[in-house]
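The block underneath contains the structure these notes are about, expressed in structure tokens.
The values are calculated or read from the model by the stated rules, or taken from the named source; none is laboratory data. The shown structure was predicted, so the numbers you read here are calculated from the model rather than taken from an experiment. Positions of Cβ are generated from backbone atoms using ideal geometry, with glycine treated the same way; all protein chains shown enter the neighbour counts. Side chains are part of the model used for accessible areas, which takes the heavy atoms of the whole protein and leaves out ligands, DNA and RNA. Shrake-Rupley method; radii C 1.70, N 1.55, O 1.52, S 1.80 Å.
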Amino acid sequence: MTASIKKYHQLRTDVIKHLYYSKALTLTELSHRTHKSLPLITSVVNDLVEDGYVLEHGLAPSTGGRRALTFLLNKQKQRYIVAVAMDQLVTQVVIYDLLNQVQAKPEILKLTLKDDPEVTKTLINFLKTYISGSGISTGQILGVGMGMPGFVNAEQGVNHTFFTITGDGNLTKYLSKELGLPVFIDNDSSIIALAELKFGAGKELKDVMVVNIGWGIGLGMVINGSLFRGHSGYAGEFSHIPLSQSNKLCSCGKRGCLEVDTSLLVLVERAKSQIAEGVSSSLERLFEENNKLPGDHFLEAAKAGDPLAVSILADAAFLIGKGLATLIHIINPKLIVLSGRGATAGKILMAPIQQAIHEFCIPRLAEHTDIKVSELANESGLLGAATLVVENCNFN
């Protein structure tokens, strides 16, 4: 394949990506976003229309002159994405089309990653069963995107914390072979940041910090419009900033980490301890129910105004805010997004976080940083996983 043909195929892929992220665009908008000439973009889009990837989608709003025609990805092309969002206790999977519309009912697997020698086998069997049960052939699937906790090197396809693989340790290659599909993996906080950058509060922004509040406290960093991974690919270990005054040992083996006072697992144990000491709370009844994880019961109780849950969550949020003050001093971001499972608590988090930032952050820096709760909510991990496929696959 000649260099010019490779460039043309890459431009086709770039056009599809821009339509995937922005839905309907005009030829002029695509020309600006790809930095290519209008005649070249017109030729590429016409080819994509002929191939069935793209459809004409009506006229753009008037800007005073002739209304331009817009283009949209064609969901009838029947190309699909398997999106997998994992945390330490729960794995979610869904199949999207190229308009991010759900094509197979989402499923959830309670899967504890730590100290389970069969975890990789269980995950593979779960995904095989889900994909075969969807009725969608593997030939129509572009790939599988997976966000997972741990020290993940996306480029090398390795998760150094979970899913130990014999041989070269390349989890991506192993999963691809077992599933018969291209597989792309990344850290869960990184893909949540990717979702916010492409579809959420961080869209069109250059410098955004996305805090993943869950069983740990992760961080995805968008710097100058791109996901920042650091020298070895492990940037964003917000959980392990040494802000805790306790002497508890963290899961990383160190003491003083933010995680030991702010993870949902810790907050649940704190609530149980206080209930055992006689504190009255609706959580006493909720923790006896097995229909949800204790962390989810805790968050629901907090949102419902349970005094114990609100108090414990507020203390944790203040410490998170103290950590964010450090980030603001170092990065000076335009926006901080609170995302992940814990962000469903929303407003309860905001007040103590803002209080900590006002207390510990230089005003000149703090006043130029906005803080928002994610509107993508629990779907951020799945959307980020789907984006991982789009960013890495070839549409030719």
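Reported count of residues in region 41-78, each being crowded, with 19+ Cβ neighbours inside 10 Å, touching a Phe, Trp or Tyr at 6+ places or on another chain (Cβ under 9 Å) and within 30 Å of LYS105 (Cα to Cα), is 5. Taking first residues from region 20-31 that are open to solvent by less than 20 Å² (accessible area, probe 1.4 Å) and partners that are in a strand (DSSP E or B), the Cβ contacts under 6 Å between residues at least 6 apart in sequence or on separate chains come to THR26/THR70. Suppose we keep only residues that are more than 18 Å from GLY214 (Cα to Cα) and acidic (Asp, Glu) within region 260-290. Which one would you say is modelled with the highest pLDDT? For region 260-290, the residue satisfying everything is GLU277.
Within region 202-226, if we keep just the residues that are farther than 28 Å from GLU300 by Cα and either in a loop (DSSP other than H, G, I, E, B) or free of Cβ contacts under 8 Å to residues at least 12 places away in the same chain (or both), the residue that is least open to solvent (accessible area, probe 1.4 Å) turns out to be GLY225. Does GLU259 qualify as being open to solvent by 30 Å² or more (accessible area, probe 1.4 Å) and closer than 19 Å to ILE336 by Cβ? For GLU259, the condition - open to solvent by 30 Å² or more (accessible area, probe 1.4 Å) and closer than 19 Å to ILE336 by Cβ - is met. Looking across LYS121, LYS77, one residue alone is closer than 22 Å to ALA385 by Cβ, more than 20 Å from the chain's Cα centre (by Cα) and modelled with pLDDT under 90. It is LYS77. Residues in region 329-336: is at least one of a type in the set (A, V, I, L, M, F, W, C) and crowded, with 21+ Cβ neighbours inside 10 Å? Yes, that holds for at least one residue. Scanning region 77-99 for residues that are of a type outside the set (A, V, I, L, M) and in contact with a strand residue (DSSP E or B) (Cβ under 6 Å, 6 or more places away or on another chain) yields a count of 6.
Just checking, does region 63-82 include any residue being of a type in the set (D, E, K, R), touching a residue at least 60 places away in the same chain (Cβ under 8 Å) and within 25 Å of ILE141 (Cβ to Cβ)? Checking region 63-82: at least one residue is of a type in the set (D, E, K, R), touching a residue at least 60 places away in the same chain (Cβ under 8 Å) and within 25 Å of ILE141 (Cβ to Cβ).
Per-residue answers, yes or no, for (1) over 15 Å from LEU111 (Cβ atoms); (2) in contact with a His (Cβ under 6 Å, 6 or more places away or on another chain); (3) surrounded by fewer than 24 Cβ atoms within 10 Å (Cβ to Cβ); (4) β-branched (Val, Ile, Thr):
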site: HIS160; (1), (2), (3), (4): yes, no, yes, no
site: PRO182; (1), (2), (3), (4): yes, no, yes, no
site: ILE185; (1), (2), (3), (4): yes, no, no, yes
site: SER190; (1), (2), (3), (4): yes, no, no, no
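The residue list VAL15, VAL49, VAL82, VAL90 contains one member that is in contact with a helix residue (DSSP H, G or I) (Cβ under 6 Å, 6 or more places away or on another chain) and not polar (S, T, N, Q), which is VAL15. Here ILE328, ILE275 are screened, and the one residue that is farther than 15 Å from ILE348 by Cα, in a helix (DSSP H, G or I), in contact (Cβ under 8 Å) with a residue 12 or more places away in the chain and touching an Asp or Glu at 6+ places or on another chain (Cβ under 8 Å) is ILE275.
The sole residue among THR387, THR369 that is more than 20 Å from GLU259 (Cα to Cα), buried (at least 24 other Cβ atoms within 10 Å of the Cβ) and in contact with a Lys or Arg (Cβ under 8 Å, 6 or more places away or on another chain) is THR387. If the condition is being more than 26 Å from LYS114 (Cα to Cα), open to solvent by 50 Å² or more (accessible area, probe 1.4 Å) and not aromatic (Phe, Trp, Tyr), then region 227-244 contributes only HIS231. I'm checking my understanding of the structure. Among residues of region 96-145 that are part of a strand (DSSP E or B) and over 30 Å from THR166 (Cα atoms), which one is most open to solvent (accessible area, probe 1.4 Å)? Selected residue: LYS105.
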